[in-house]
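> Let me begin by handing over the structure; questions about it come next.
Each value in this text was obtained by applying a stated rule to the coordinates, not by laboratory testing. Quantities reported herein were computed from a predicted structural model and do not represent experimental measurements. Neighbour counts are summed over all protein chains in view; Cβ atoms, including those assigned to glycine, are modelled from backbone coordinates with ideal geometry.
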Amino acid sequence: VYIIPGGEASAQPGTSGSYSDTTGPVVRLGVKGGRRTIPIALAAFARDSADADLNQLAESISAVLSEDLRNSARFDILADTSRLDAVDRGGLLDRWSAAGARALVRGEVRRRLGKTELFATLFRLPDGRILIGKTYRVDGDRSRRVAHHLSDDIVSSLTGHPGVATTRIAFVASRSGRKEIYVMDYDGYGVRPVTDDRTINLSPTWSPDGRQIAYTSLHGGRWELFIANVLSGGTTPIRTSSGF
């Protein structure tokens with residue numbers, strides 16, 4: 001949880017970095033409860049060692065996944081940096097079970113038919129039952145999004161409750177000098193503008209399917225309602241009988 005006292009929170013329009021405040025100190029609040037956490041092992045993702053881009057991609061996805069699972073407050077992360085699991089599967093489940101893990105995530109980042117994909121497997125320990133065996137397409141710069149989807153799948157499979165890693169946040173910022181609507185990932189990355197109205201926009205509200213945002217905007221001295229399409233960036237006014 002981030003609390004920004006005094007001043008207005010702001011974000012750099014159109015950047016892919018994390019959300020930041022430039023007007024004052026940020027207070028981070030950690031919440032601890034009595035929920036029992038699940039020890040989960042993350043094996044180093046397999047990949048073609050001769051492909052530098054693929055190696056970097058595998059490490060990036062693994063790092064984001066680890067952070068997502070840690071942020072869920074449901075898991076204790078046991079990381080394996082030796083990459084032995086990516087080469088030899090013999091005794092793998094027994095070794096991690098003996099180490100106290102109750103689940104194991106393995107992944108392979110690969111190229112097939114000109115496409116890049118992640119094949120991920122989630123094992124329940126100690127019985128070795130496969131809970132997830134799924135291929136995720138990695139398109140362009142969507143590596144973080146792939147990690148978020150895998151994290152939510154893991155949370156759902158092991159707890160029975162939905163994860164929040166694919167959640168996006170709509171907010172108002174005035175870095176451009178006007179109050180515009182922005183969206184970002186739950187962890188503050190992927191900040192991008194939704195509007196460029198160059199006026200005052202307030203009260204963003206998501207549609208149930210997460211594809212649109214309703215908001216109020218000051219146009220010509222009148223407050224009006226608009227709907228913005230998050231994917232296309234287009235905006236549509238909602239006609240009302242009178243302004244307010």
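> Which value in nm describes the separation of the simple spin-label points at residue 161 and residue 186, placed 7 Å from the Cα toward the beta carbon?
Taking the simple label geometry, residue 161 and residue 186 are separated by 1.1 nm.
> Could I ask something else about it? Rank by packing, highest mean first: peptides 56-67, 155-166, with packing defined as the count of other Cβ atoms within 10 Å averaged across residues. Write out the running numbers ahead of the final one.
Working: 56-67: 19.2, 155-166: 16.2.
Result, highest mean Cβ count within 10 Å first: 56-67, 155-166.
> Relative to the present Cα-Cα distance, how much length would full extension add between residue 174 and residue 202 at 0.36 nm per residue of separation? Before the final figure, lay out the partial values.
Values: separation 28, 0.36 × 28 = 10.08 nm, distance 1.09 nm.
Once the chain is fully extended between residue 174 and residue 202, it gains 9.0 nm.
> For the stretch 64-211, with only Lys/Arg (+1) and Asp/Glu (-1) charged at the beta-carbon, what is the dipole magnitude about the Cα centre, in debye rounded to 20?
300
> Could I ask something else about it? Could you work out the local net charge near residue 152, counting Lys and Arg as +1, Asp and Glu as -1, over the other residues with Cβ closer than 15 Å to its Cβ?
Cβ neighbours under 15 Å give a net charge of +2.
> Quick one: net charge of residue 224's neighbours, Cβ under 15 Å, K/R +1, D/E -1?
Around residue 224, the surrounding residues sum to +3.
> Still on this structure, please answer the following. Any idea which of 170, 125, 146 is furthest toward the positive side of the dipole for the stretch 116-184, if Lys and Arg beta-carbons carry +1 and Asp and Glu beta-carbons -1?
170
> With the Cα gyration tensor of the stretch 154-244 giving a ≥ b ≥ c as the square roots of its eigenvalues, does the rule (a/c under 1.5 for rounded; else a/b larger than b/c for prolate; else oblate) give rounded, prolate or oblate? Could you put the intermediate results ahead of the total?
Numbers: a/c = 3.03, a/b = 1.92, b/c = 1.58.
It comes out prolate by the Cα gyration axes.
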